[in-house]
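Below: one structure, written as structure tokens.
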4 protein chains.
Amino acid sequence: MTKTERHSASSGWFDGHMHILPVRVYYEDTDFSGVVYHAKYLHFLERGRSEFLRAADIRHQGMLKTAEPLVWVVRRMEIEYLKPARIDDEIEVRTTPNELSGARLRVGQGVWRKSEQLVKADVEACVITFDGKPRRIPDDLRARLGNFLKT
Amino acid sequence: MTKTERHSASSGWFDGHMHILPVRVYYEDTDFSGVVYHAKYLHFLERGRSEFLRAADIRHQGMLKTAEPLVWVVRRMEIEYLKPARIDDEIEVRTTPNELSGARLRVGQGVWRKSEQLVKADVEACVITFDGKPRRIPDDLRARLGNFLKT
Amino acid sequence: MTKTERHSASSGWFDGHMHILPVRVYYEDTDFSGVVYHAKYLHFLERGRSEFLRAADIRHQGMLKTAEPLVWVVRRMEIEYLKPARIDDEIEVRTTPNELSGARLRVGQGVWRKSEQLVKADVEACVITFDGKPRRIPDDLRARLGNFLKT
Amino acid sequence: MTKTERHSASSGWFDGHMHILPVRVYYEDTDFSGVVYHAKYLHFLERGRSEFLRAADIRHQGMLKTAEPLVWVVRRMEIEYLKPARIDDEIEVRTTPNELSGARLRVGQGVWRKSEQLVKADVEACVITFDGKPRRIPDDLRARLGNFLKT
């Protein structure tokens, strides 16, 4: 075989304020109905949010190494399933940060296959301690996130 | 070891119109934050709906063996995460059918640990063909589901 | 609806030295090929081991609350896939502890659907710290496990 | 935000006869012990095999569209867990086809984080019909796979 080019796992890219992460559909993502299992889109959306945070230089491992370790959790979500994805499909997770308050980050997310929208979601995330106590989003994280909001 | 009593996997029980399925939290359900991964609650909710359907004598395998094979899919969902569940916890999935129209079934669902509510969800499901075409819920299924609605 | 009887999630039972846990196959367990996704059997096997440990009065949460928190990890596994399970199937995970040394527990496991064996596995587990350092299985755990071995 | 460059999901590359797929570790992959859940490595390995097959121009969707639809299944696997991966880690799945007989494909696989090997696996896959009947690997697939074997 020829030697082909080495590269990293995709961390996605930006189109204006929208972060886009390409994702491939594998066996693990589908169910017996032949299409992607509905809960797996939440995995895809979480990958999109994690890569958006990475772009803002926010790492889960880093948040664990502070005086009070913190983790992001989803507080609420509305999700609409418009069309199904199938095995081998290449899809995109699109993430737009819409609102940042003291305690929560709200993002609009979508899953697309080329020009077709498959899933539409509105997600509210916040940070908690390992004991489950809610915390304000730390100032340095807020500053980094602020750069990615529309205004 | 002593021989202890043989039994089936739980299919849950009813308390009035509400179906209740007990679920144990395992390794697979948790993430590095120490609590249950947010998407796994959708698995638990789906198990609850499947057992509710089984109680109404509706089987996924049976729906595949008709002239036009059909499967249930989630059309939309609103979910609120109130408190986290942890490894070894025994929780309950509570499912109440709220509305049955020609094309969709709407259920209210919750995940509870004893008297604490952990998750609250509102779910709309419908049936589609293997090609992804929406179909009316077949009359025999509607009749069986009808018995479980409040009126 | 009638009120039917409340019960716990199944923790399985013993037939001699073999622990048996009944498991239902749900949407989440299947893939587009129509049968259970191969990696999901590892989830079922892990549930079987967790319930076997629970029967020996060993809890994951308890192991986290000691001076040096410990967790079980799989060190190696051989697995053979004989026949597929399908949606709605009720299957059994059968777990027999075969060997307990200072640092590892070896169990033979199988997944069965009535009298048909679907999967056969040989699993070696050990305990590590949260930093990933291997530790001897603590004496109190060893004592409790010892009761369940054949000799 | 600046507009950054569009790209596809990674399908990996070859280093001689070895196919390499980069994979990022997300929330969904970890468990409460702080590291990747042992069954998730089977997902990563499956992604590696799927991308290796894609490189050989073999698509799961294509195999469904023939006179007798076929799917790949794992027949047996030996897996050794050497070191754990953690959230945010970038790892590689390395897949080397070792043996192709009439009915099965045997691959050696590994999961690596830079120069550290985390997991080592030996996997036997074969093709079956939707009814679960074993079939010879079709000649056109065998021809395409043959190009990727060492001799």
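Tabulated data for the structure shown
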| item | result |
| --- | --- |
| Residue that is surrounded by the most Cβ atoms within 10 Å (Cβ to Cβ), among those in the range B:84-109 that are closer than 16 Å to B:MET18 by Cβ and among the basic types (Lys, Arg) | B:ARG94 |
| Hits in the range C:38-66 - residues which are among the polar types (S, T, N, Q) and at pLDDT 95 or above | C:SER50 |
| Count - residues of the range D:86-116 that are over 25 Å from A:ARG47 (Cα atoms) and either in contact with an Asp or Glu (Cβ under 7 Å, 6 or more places away or on another chain) or of a type in the set (Val, Ile, Thr) (or both) | 5 |
| Selection status of C:LEU105, closer than 28 Å to D:GLY110 by Cα, among the aliphatic types (A, V, I, L, M) and either in contact with a helix residue (DSSP H, G or I) (Cβ under 6 Å, 6 or more places away or on another chain) or facing another protein chain (nearest Cβ under 7 Å) (or both) | no |
| Residue identified as free of Cβ contacts under 8 Å to residues at least 24 places away in the same chain and among the hydrophobic types (A, V, I, L, M, F, W, C) among D:ALA67, D:ALA85 | D:ALA67 |
| Count of residues meeting criterion [open to solvent by 10 Å² or more (accessible area, probe 1.4 Å) and in a helix (DSSP H, G or I)] in the range D:22-36 | 2 |
| Given (1) at pLDDT 95 or above; (2) more than 14 Å from chain B (Cβ to nearest Cβ); (3) surrounded by fewer than 21 Cβ atoms within 10 Å (Cβ to Cβ); (4) more than 30 Å from B:LEU64 (Cα to Cα), number of the condition A:HIS19 does not satisfy | (3) |
| Residues located in the range B:124-139, provided they are of a type in the set (D, E, K, R) and either surrounded by 12 or more Cβ atoms within 10 Å (Cβ to Cβ) or within 14 Å of chain A (Cβ to nearest Cβ) (or both) | B:GLU124, B:ASP131, B:LYS133, B:ARG135, B:ARG136 |
| Residue tally, condition of a type in the set (D, E, K, R) and buried (at least 20 other Cβ atoms within 10 Å of the Cβ), over the range C:56-66 | 0 |
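Conditions tested, residue by residue: (1) buried (at least 21 other Cβ atoms within 10 Å of the Cβ); (2) basic (Lys, Arg); (3) more than 10 Å from every other protein chain (Cβ to nearest Cβ).
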site	(1), (2), (3)
B:HIS38	yes, no, no
B:ARG49	yes, yes, no
B:ARG54	no, yes, no
B:GLU68	no, no, yes
B:LEU82	no, no, no
B:VAL111	yes, no, yes
B:GLU116	no, no, yes
B:ASP122	no, no, no
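The values are calculated or read from the model by the stated rules, or taken from the named source; none is laboratory data. Predicted, not measured: the structure shown is a model, and the values here were computed from it. Glycine gets a Cβ as well: all are built from the backbone with ideal geometry, and neighbour counts include every protein chain shown. For accessibility, only protein heavy atoms count, side chains too; no ligands or nucleic acids. Shrake-Rupley method; radii C 1.70, N 1.55, O 1.52, S 1.80 Å.
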